[in-house]
Amino acid sequence: MTRAPLLDIRDLRKTYRVKHGWPIARTSHVRALDGISLSVMPGEVLGVVGESGCGKSTLARVALRLQPADGGDVRFDGVNVLAASRSELRQLRRRMQMIFQDPSSSLDGRQRIIEALGEPLRVHGLASGASLRPTVARLLDEVGLPASALDRYPHEFSGGQRQRIGIARALALGPDLIFADEPVSALDVSVQAQILQLLGTIRATRNLALVFISHDLAVVRAFCQRVVVMYLGRIVESGDVGEVFSAPKHPYTQLLKASSPEPNPAKKIALSFQEGEPPSPLNPPTGCHFHPRCPLAVDRCRQEAPVLRMVAGQGAVACHLTETG
Amino acid sequence: MNAPLIVDGVTTSIRLDGQRHDVVRDISFQVAARETLALVGESGCGKSMTALSIMGLLPAGIASVSAGKIIVDGIDMVAADETVRESVRGNRIGMIFQEPMTSLNPVLPIGFQVGEALMQHQGLSRSAARAKALDLLEHVRIPSAARRLDDYPHQFSGGMRQRVMIALALACGPKVLIADEPTTALDVTIQRQVLALLADLQAREGLAVLLITHNLGVVASVADRVMVMYGGDVVESADVKDFFARPTHPYSVALLAAMPRIDATEGPQPIPGQVPSLDAMPSGCRFQSRCHLRQDVCSTLPPLKPVAGNPGHQVRCWMRGDT
């Protein structure tokens, strides 16, 4: 029996208009999402990996309808998210939540924790009056914070504790799916491991699905089951996280892996000046976006954008050179 | 010949609410020409305070070096007055930071900013400084450098801005470079290029590099020696190979286990608890509150002692190392 995906994204597109230049401004278009398709099963953890500007954060915002899409389809448990009415959206927001990299920027500094976490509960009618404090205290307990945190302000907490508060707030409405956008990137290694362990426990006890957005391959390897690799608004490779990272097939995934330093002097990264910088998303290259940095590029790569094709195993790769053989 | 950077028994203290707190305690090391020493640790371990102590850039009236000697290219930075320190900075020691945007002036073209350093420190004329600035930008491999001299910092990508910072830091030919988390804000593919550039410049100019980082992966790839700091103390010091082959301090072991790895099937192991705040530091070993080996003796500060008879590998722990 095949289960239906909890989140199903088809050919999602988002273009930003950017004005630049002086004194006469020109308008350019940035295709932050250039036809993204992916799905997440209930209780599954999907990693989204890529460098700055690849569109991974836009993906979360558009899928949650915090920003409008320009095309494509997002279905959450069968409901059309992009076409949802206000009341449908209200229901959806209970079930889809988000965790941000820097929780202090998403917490109001003048709000006590009880207010910050109690507000969504009140608005959605899940708790009020006398039931509010014990409900919030239970949430804090779930993320490993004492009830004494209730009456304190965000600045009284360390970075790791603030991220716990951010997680508690995302959990307040009992979601089925959480988008976590670089949730551990700003944390020290020892705290990062604490938060990953906490997220893992919560995921298992609540059977949560997570879309885990990160630039860090090792973190994604440790936490996710499947992964999609993005480059300039497109998915270039996807598959089982172990398969993709142990034997990456797309040249960009190979470059990412070769550039990620590991704590092992026997596996030093080869220091290299080559491979240039990611091109400006304002003016992406023709054909395969990666071709100017790709050591294997041929004429076809400059002219024709490769499509994501299934390869042996469960993975998919968007590269002309993997089609043959 | 003496090492370009010698730090000997330095303690750095800050004053908070009338109380003195030691944020770096009795740290000693030398960095030779062409050598990279990595200072590793998490937020608040004292690694950046060590760098600021060396540069003589501690915030006046709040923090100061309360003991020890810092010798940069023969000059004692602790004993020297501010005029001497000013000339040592730039001419003998350069520094780059995590976020170049905070050190570059957003309203001045980068060619001017690099040239300004040369006019100030080397007394070059405006046109000579501009020509040398172009050389330097080419030296750090900024593509079409001549065309970019008059561009402003915001017109550069993060990786290119860090190259501009490196050009600025090396403008006056220093012997020592302090790199404080130089690639932490960069994407990994760009980090690799900047690390390659630093290694190349170091080899060509014989720089002594003090690399401050939290990333043990970067340490394994580029450093010769490593010192792990916790709560202001050096807890372990070793050649990179020895350190990764035989991490010995319980904090070093825990830190390595907390790192997620691409090739690992097991998840990272958290270190319980957190670094105590300055006013709650335990006496003796500062890691004892999170250490699974803790004994009563740990309330006395252990000395640094060799590991397995190797004087180049030292650990500060009563439970580990040679007796």
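Every read-out reported here was derived from the displayed coordinates using simple, explicitly stated rules and does not represent laboratory data. Bear in mind that the values here come from a model prediction, so they are computed numbers and not experimental data. Note: ideal-geometry Cβ built from the backbone for every residue, glycine included; neighbour counts use all protein chains shown.
Overall size of region A:85-150 from C-alpha positions, given as principal axis extents largest first: 39, 31, 23 Å. Counting only alpha carbon atoms, the long axis of helix A:159-171 and the longest principal axis of chain A meet at about 80°. Distance between the C-alpha centres of region A:70-91 and region B:74-124: 55 Å, rounded to the whole angstrom. Taking A:Glu182, A:Glu142, A:Glu262 as the candidate residues, the one with maximal mean-square fluctuation in a Gaussian network model of chain A, Cα springs under 10 Å, is A:Glu262. Region A:222-299 and region A:137-196 have Cα centres lying 31 Å from one another. Taking the protein assembly as shown as the region of interest, the number of lysine pairs whose Cα atoms are within less than 23 Å, with members eight or more places apart or on different chains, is 20.
Calculated FRET efficiency, A:Lys268 and A:Val298, Cβ-Cβ r, R0 41 Å, to nearest 0.05? Show your work: numbers first, answer last.
On the way: r = 30 Å, r/R0 = 0.74.
Given R0 = 41 Å and the Cβ-Cβ separation, E is 0.85.
Under 5 Å from the amide H of A:Gln97 lie the amide H atoms of A:Leu177, A:Ile178, A:Phe179, each residue being 5 or more positions distant or on a separate chain, with H modelled from the backbone and absent for Pro and chain starts.
Whole-percent P(r), region A:125-191, all Cα pairs, 5 Å bins from 0: 3, 15, 25, 24, 18, 10, 3, 1. Per residue, the average separation of C-alpha pairs within less than 8 Å and at least 6 apart gives region B:15-146 a relative contact order of 13 percent. Remark: spin-label model distance B:Lys69-A:Val18 equals 5.4 nm, labels positioned 7 Å along the Cα→Cβ axis.
Express as a percent, rounded to the nearest 5, the fraction of DSSP beta bridges in region B:127-256 (both residues included) that run antiparallel. It would help to have the intermediate numbers written out before the result.
Numbers: 6 of 11 bridges.
Bridges in region B:127-256 are about 55 percent antiparallel.
For chain A, the relative contact order comes to 19 percent (Cα pairs under 8 Å, sequence separation of at least 6).
Panel order for B:Arg89, B:Arg163, A:Arg65, A:Arg122, by other beta carbons found within 10 Å of each beta carbon, from fewest to most: A:Arg122, A:Arg65, B:Arg89, B:Arg163. Does region B:212-257 classify as rounded, prolate or oblate by the C-alpha gyration tensor (a ≥ b ≥ c root eigenvalues; a/c under 1.5 gives rounded; else a/b over b/c gives prolate, otherwise oblate)? Judged from the Cα gyration tensor, region B:212-257 comes out rounded (a/c under 1.5).
Subtracting the Cα-Cα distance of A:Asn207 and A:Met310 from their residue separation scaled by 0.36 nm leaves 34.3 nm. The Rg/Rh ratio for chain B is 0.99, where Rg is the radius of gyration of the alpha carbons and Rh is the Kirkwood radius. The simple spin-label model puts a point 7 Å past each Cα toward its Cβ; for A:Ser28 and A:Arg10 those points are separated by 3.3 nm. If you take the Cα centroid of region B:152-204 and the Cα centroid of region B:273-323, the two points sit 35 Å apart.
For peptide B:182-190, what's the mean number of Cβ atoms from other chains within 10 Å of each residue's Cβ? Mind showing how you got there, number by number?
On the way: counts 0, 1, 0, 1, 2, 10, 12, 13, 7.
Mean shielding by partner chains, rounded to a whole number: 5.
Computed from Cα positions, the angle between helix B:158-170 and the longest principal axis of chain B comes to roughly 80 degrees.
Between A:Asn80 and A:Val123, how many nm apart are label points set 7 Å from Cα along the C-beta direction? For the pair A:Asn80/A:Val123, the computed spacing is 2.6 nm. Put in order of Cβ neighbour count within 10 Å, fewest first, the listed residues A:Lys267, A:Lys56 become A:Lys267, A:Lys56. In region A:168-317 the Cα-Cα distances spread across 5 Å bins starting at 0 as 2, 8, 15, 18, 18, 16, 11, 7, 4, 1, 0 percent of all pairs. One chain, two ends: B:Asn105 and B:Ala308. Fully extended at 0.36 nm per residue, the span grows by 68.0 nm beyond their Cα-Cα distance. Per-residue Karplus couplings for region B:267-277, computed as 6.51 cos²θ - 1.76 cosθ + 1.60 with θ equal to phi - 60°, are listed in order as x, x, 9, x, 8, x, x, 9, 4, x, 6 Hz, Gly and Pro entered as x.
Kindly express, to the nearest 10 degrees and within the range 0 to 90, the angle between helix B:82-91's C-alpha long axis and the longest C-alpha principal axis of chain B. Relative to chain B, helix B:82-91 is tipped by roughly 70 degrees.
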